[in-house]
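The values are calculated or read from the model by the stated rules, or taken from the named source; none is laboratory data. Predicted, not measured: the structure shown is a model, and the values here were computed from it. Here the Cβ is made from the backbone with ideal geometry for all residues, glycine too, and neighbour counts use every protein chain on show.
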Amino acid sequence: MNSDNSASFLDIDIDPKTLTIITTYTCNAACEECCFECNPSVKHRLSLREMLQVIEDSIAAYPSIEQIVFTGGECFLLKDDLFKAIEVSTRFGKSTRCVSNGFWGKSPEKADEVAKKAMAAGLSEINFSTGLDHQKWVPLESVINASKSLVKYGIPVLVTIEKDSEDSDCLNQIIENVDIKKMLKNHPNFLLQTNSWMPFFENSVQRGSVNQDDLRKGCSQVFSNCTVTPKKEVASCCGLVLEHISEMRVGTIDNMLCYRNEQKDDFLKLWLRVDGPMRILETVLGDGHHKLAGVVHMCQACAILHNDEEARNRISSLYRDHILAVTHRWKIIKAAEKEIRRLRDEP
């Protein structure tokens, strides 16, 4: 939902820090709550040539990029193509991260083989996803084997555990695992976290409580994370609800400048960055509106904001009243970010 020409004066300064490459929608798992509905039969993927071109073009267009993230689907299904893309990113001086379900850690030997390749390519860190849904397809032991090998070769590991349902206890089982305890004790670069959980379907079961502060923050992904998809699209957010919000697609990979050009006068994106979708909805619909009941994730609120007719109409009629205040807060945010970078870069 792009704002009209009344906001065309904005010329928003867009300097993404992260390039996220969703390498493939193919996955060895078929988790019920997968945001992209990935499974073994979905075949969309980027070729090695396409990934390398995206990396080169993105760095040329946005020197601000510091990190390149490879995710999916399951990015390790790309095998040597993945390691080559990591190697090229490393040669460009960028840090790299992979997001994986850890299926390749079926045995200590296999885990070691993959971890060695990751180290040789220069991988900076890896995030594993596990928990109730993932463990139906990938046993925790595979994640543990993969983590052991990675920390042995000096690659930091973050294990992200889905929020449990009322009937599951994955988090405690992981925390109490002997091998997990040893890695937490002996390797400061091995970490655990639980993630925010978002329902994707009407029959989804509620999991965990809602962090109201997180729910009402500005979206840090907007203008900061340039995402490309296996369908050769460029997207303006991390991708969690990309398949549900058409406005998040801003172009195709044959022109990476679209990430800036298609958003530089988009006031709604700026508003999302500054206030976040939940605060916008509360502003235009009113606190306590029935459509906001049960919202447990920022991206869930964003999907309502873009797809609900009442919300869209209210935003279209009211956004002009908020342009000055939002742009002022954006200038404050940018000034703070600049100062943080200055302090960080000081010798």
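Numerical summary
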item: Test: residue in the range 31-49 that is aliphatic (A, V, I, L, M), in a strand (DSSP E or B) and under 29 Å from LEU132 (Cα atoms); result: no
item: Per-region count, the range 141-185, residues at pLDDT 95 or above and either part of a helix (DSSP H, G or I) or outside the structural domain of ILE126 (by TED's automatic domain parsing) (or both); result: 20
item: Given (1) under 26 Å from ALA30 (Cα atoms); (2) surrounded by 17 or more Cβ atoms within 10 Å (Cβ to Cβ), index of the condition ALA121 fails; result: (1)
item: Condition check for VAL284: modelled with pLDDT under 90, farther than 30 Å from GLU50 by Cβ and of a type in the set (Val, Ile, Thr); result: no
item: Qualifying residue in the range 305-323 (condition: touching a Gly at 6+ places or on another chain (Cβ under 7 Å), in a loop (DSSP other than H, G, I, E, B), touching a residue at least 12 places away in the same chain (Cβ under 8 Å) and not assigned by TED's automatic domain parsing to the domain that holds PRO63); result: no
item: Boolean, LYS269 is of a type in the set (Lys, Arg) and surrounded by 22 or more Cβ atoms within 10 Å (Cβ to Cβ); result: yes
